[in-house]
Amino acid sequence: METTDKIEIALRLDKNLIHQLEDAARQENKSLSGYVERMLKRLVRPRPNPETMEAIREAQQNDNLEVLDVDHFKEFVASL
């Protein structure tokens, strides 16, 4: 099992926020600590560049997508 260095910290947070975080963690079967750590990692992860973000938006909206003919694709792959 992989071990990671962890540091214990003390935070002062709004009581209602703590209750909301506890509820969210419980819904995902996570500890409060594990849930908060995961959310914080999502906030600080590297972001895609603008070109990649535009491609993601296009894909999500189905804009300018080409129809892929699987048989032609298989032929293409076989020719490589």
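The values are calculated or read from the model by the stated rules, or taken from the named source; none is laboratory data. Being a predicted model, the structure only gives us computed values, none of them experimental. Reconstructed Cβ throughout: ideal geometry from the backbone, glycine too, with neighbour counts over all protein chains shown.
Remarks
- Of the criteria (1) surrounded by 10 or more Cβ atoms within 10 Å (Cβ to Cβ); (2) of a type in the set (A, V, I, L, M, F, W, C); (3) under 18 Å from the mean Cα position of the chain (by Cα), which one PHE73 fails: (3)
- Residue in the range 52-70 that is modelled with the highest pLDDT, counting only those that are among the β-branched types (Val, Ile, Thr) and in a helix (DSSP H, G or I): THR52
- Among (1) over 17 Å from the mean Cα position of the chain (by Cα); (2) not in a helix (DSSP H, G or I) - the single one ARG26 does not satisfy: (2)
- Given (1) assigned to a helix (DSSP H, G or I); (2) under 30 Å from ALA10 (Cα atoms), index of the condition PHE73 fails: (2)
- Residues (loosely packed, with under 10 Cβ neighbours inside 10 Å and assigned to a loop (DSSP other than H, G, I, E, B)) located in the range 29-51: ASN29, ARG45, PRO46, ARG47, ASN49
- Some residue of the range 49-68 being under 30 Å from THR4 (Cα atoms) and basic (Lys, Arg): no
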